[in-house]
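Please read the structure below before turning to the comments.
The values are calculated or read from the model by the stated rules, or taken from the named source; none is laboratory data. Given the structure is predicted, the values throughout are model-derived calculations rather than measurements. As a convention, Cβ positions derive from the backbone with ideal geometry for all residues, glycine included, and neighbour counts pool all protein chains shown.
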Amino acid sequence: MNSFFARKFVIQGIFIAIAIVIIARLFYIQIIDKSYLLSANNNVLRKVVVYPARGVVYDRNGKVLVQNEPVYDLLVTPIEAKEIDTALLCQLIDIDSEGFQTRMHKARAHSPYRPSIFEKQLSASTYAQLQEHLYKFRGFYVQNRTVRSYPDSIAPQLLGYIQEVNDNDIERSEGFYRPGDYIGASGIERSYEELLRGQRGVKNQMVDALNRPKGSFMDGKYDTLAVAGDGLVSTIDLELQLLAEKLMKNKMGSVVAIEPATGEILTFVSAPSYDPNMMVGRQRGNNYMKLLHDETRPMFIRPIQASYPPGSVFKVVAALTAQQAGVINENTIFHCPGGYRYGGGRAIMRCTHVDGATSLVKSIQTSCNTYYGYTYARMIDSRGMPAPQAYDLWREALGKFGLGRTLGIDLPGEKPGLIPTSDFYTKRYGNDKWRSGFNISLSIGQGEMGITPLQMANIMAIVANRGFYYRPHLVKAIGEKGIVKDEFKEKISAGVDAKYYEPVIEGMSRAVNVPGGTGYRVRVPDVEMCGKTGTVQNPHGENHAVFFAFAPRENPKIAIAVFVENAGYGGTWAGPMVNMLVEKYLKDTISLPQYIQDRVFNANFLPTPKETKVEEVNKNTTNNNSTKQSNPSKKLVAEPRRDLYVHHSQLRKGHQ
């Protein structure tokens, strides 16, 4: 009897213990452990990332430059992708069977249980064909997003492009970006990425056993909305940009136009160019490699990255800085017999004409090399101090005009150009006893000097403002409130008093508006344009054609620099371009004779493939030399010492 009761309690204890274990396990599963809940949710819920639209970019007059268009990413969860018609799927999205296997292998490597992108950026038409068959492909679903679209196909170097983030982008963002996200890679897309990108949202979608959507979970209670990026109003004038790009078709070079009163860039052209829509869509990778290997380097941003001898525009800076230094004034006269002799008369820097007695105003009007040879000699040799010290003061004055340093434009990749230091020449010549004759070509903007087209246009803006500038920029306003960055409101002095600008401006006006001036043929009717022609010596081929101007003389509205590589005379090629652009902007018309317009529009200065390769070698050599010049000691080891004086036949410069 006792043993019966003992067995009874044992059995009851066993059942109670089992019940306690089951209850505890259920409590753990249902209350503490969330994995089963998540697993159940994943069978009925799909978390869909809602990508925000990037901010739209407008021109200064409200016309769209960059907008968004819908595309569709096809995602796959490999473990669910079973018994599907692969041939049909390949046909619908235009891939082959090998491509299908490659994509599935990549998805499985990412995770068999989690969705990943199978094919990116399906167009609306492709998605429309796929959508009616999508239920047949279990494990596949589509995610909406937008990509950039460029209605007028202009200004790719300015606007930039977006690309998929890499590991470094994700790490730098501290978790903001995830694989598959897009980020601005160049241009203002990159500079203003944090404003343009917006904020992702999440949509919780219910699906059935076949992975078909069945509506929002809890009526969207737990969804988060995507926030679109801020819109940007650029400083660019669309109509002027279109004209400038048309003028630069089949040419290499730059056009930069600035509104002097604000520093807003009206036109920013880098030629050769390309259609920015090439950097969008499923062929983006192929197009990128094509552009990367194009011998004319269309992705090179010439206005801020190319460095050229400025030629005659530098005479404007030379005249201003010399007046401020007190070595010349508006009444200073030098005699021009057709060239400037130096080195005890043993060498000569030729002028293209005999000017005789030349004043400051006349020197600008006729672009007299001799005048600036004498001016530079006074700056370096006649200031009561060693030449290297005087040179450093001269170089410092150039720096206030933005030469040899970056201007701070809101684009990545800006280069400073090159104004060599005094140490560079001291090491080149082996001592510090050198004088102005050792680097006399700097006096007329040649030699080792290099400045960017943006710096050239900014010089014109400084002259137009009589002594100051605002940092050149490409974005006029940000977001609905029209915010302008503080750094673009700062008034920056060029270090030369306003009174010294008038004789220089008078000379520039006469150069364009008085018969015999170097730019008289490209004057603008009823507008007093002040300008300067230039033909910059190019040791690797044809000279470069340049023209710099601002207009009108009083209350200037536009400052512009046009630089056309390998075109020849500035007045012949760059001048007519400036004429058309200035008149178009100020008067919305073009009155230049049609035959001149046709000549400029139809000109082709692109090198043949063979010439391009030679030019590329020359550019590489120039780049190597520039690198060496930044470290003069290395340059002097690599190069033999040059002669102290050069015969005029070797030094002769191009027509200014």
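Annotations for the structure displayed:
- Of the strands (runs of 3 or more DSSP E) lying entirely inside region 170-259, those containing at least 1 residues that are modelled with pLDDT under 90 are 182-184, 201-207, 213-216.
- Residue match in region 290-299 (condition: over 20 Å from Val562 (Cα atoms) and among the aliphatic types (A, V, I, L, M)): yes
- Against the list (1) surrounded by fewer than 23 Cβ atoms within 10 Å (Cβ to Cβ); (2) touching a Pro at 6+ places or on another chain (Cβ under 8 Å); (3) not basic (Lys, Arg), the condition Tyr500 fails is (2).
- Inspection of region 313-321 identifies no residue that is more than 19 Å from Met379 (Cα to Cα) and among the aliphatic types (A, V, I, L, M).
- Verdict on Gly516 being at pLDDT 95 or above, outside any strand (DSSP E or B) and farther than 26 Å from Asp588 by Cα: no
- If you go through region 130-142 and keep only what is surrounded by 16 or more Cβ atoms within 10 Å (Cβ to Cβ) and of a type outside the set (A, V, I, L, M), you end up with Phe137, Arg138, Gly139, Phe140, Tyr141.
- Exactly one residue among Ser436, Ser441, Ser382 is among the small types (Gly, Ala, Ser), buried (at least 21 other Cβ atoms within 10 Å of the Cβ) and within 29 Å of Arg510 (Cβ to Cβ), and that residue is Ser436.
- For region 282-309, a residue qualifies if it is assigned by TED's automatic domain parsing to the domain that holds Ile440 and either modelled with pLDDT under 90 or hydroxyl-bearing (Ser, Thr, Tyr) (or both), and the qualifying residues are Ser307, Tyr308.
Residue-wise test of (1) under 24 Å from the mean Cα position of the chain (by Cα); (2) without any contact (Cβ under 8 Å) to a residue 60 or more places away in the chain.
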residue	(1), (2)
Gly285	yes, yes
Leu291	yes, yes
Thr296	yes, no
Met299	yes, no
Tyr308	yes, no
Val316	no, no
Gln324	no, no
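- Residues of region 79-117 that turn out to be in a helix (DSSP H, G or I) and under 20 Å from Arg178 (Cα atoms), as a count: 6
- Elements of type helices (runs of 4 or more DSSP H) in region 357-424, at least 3 residues being among the hydroxyl-bearing types (Ser, Thr, Tyr) and over 30 Å from Glu189 (Cα atoms): 369-381
- Selection within region 81-97 - under 39 Å from the mean Cα position of the chain (by Cα) and more than 15 Å from Lys120 (Cα to Cα): Asp96
- Residue check for Gln241: of a type outside the set (Val, Ile, Thr) and surrounded by fewer than 19 Cβ atoms within 10 Å (Cβ to Cβ): no
- Taken together, Gly215, Gly201, Gly160, Gly139 contain a single residue that is closer than 14 Å to Pro52 by Cβ and of a type in the set (Gly, Ala, Ser), which is Gly201.
- Residues of region 457-506 that turn out to be of a type in the set (A, V, I, L, M, F, W, C) and in a helix (DSSP H, G or I), as a count: 11
- When Ile16 is tested against the conditions (1) in the same structural domain as Ser191 (by TED's automatic domain parsing); (2) modelled with pLDDT under 90, the lone failure is (1).
- Of all residues in region 530-550, those that are surrounded by fewer than 24 Cβ atoms within 10 Å (Cβ to Cβ) and of a type in the set (Gly, Ala, Ser) total 1.
- Evaluation of Thr533 against (1) modelled with pLDDT under 95; (2) over 30 Å from the mean Cα position of the chain (by Cα); (3) outside any loop (DSSP other than H, G, I, E, B) (one fails), failing number: (2)
- Test: Thr366 is touching a helix residue (DSSP H, G or I) at 6+ places or on another chain (Cβ under 7 Å), in the same structural domain as Gly437 (by TED's automatic domain parsing) and not small (Gly, Ala, Ser): no
- Members of region 311-334 found to be more than 18 Å from Ser493 (Cβ to Cβ) and among the aliphatic types (A, V, I, L, M), listed by number: Val313, Ala318, Val327, Ile328, Ile333
- When restricted to residues that are touching a helix residue (DSSP H, G or I) at 6+ places or on another chain (Cβ under 7 Å), surrounded by fewer than 22 Cβ atoms within 10 Å (Cβ to Cβ) and small (Gly, Ala, Ser), region 388-407 contains 2.
- Just one of the listed residues (Val514, Val527, Val522) is assigned by TED's automatic domain parsing to the domain that holds Glu330, β-branched (Val, Ile, Thr), buried (at least 24 other Cβ atoms within 10 Å of the Cβ) and touching a helix residue (DSSP H, G or I) at 6+ places or on another chain (Cβ under 9 Å), and it is Val522.
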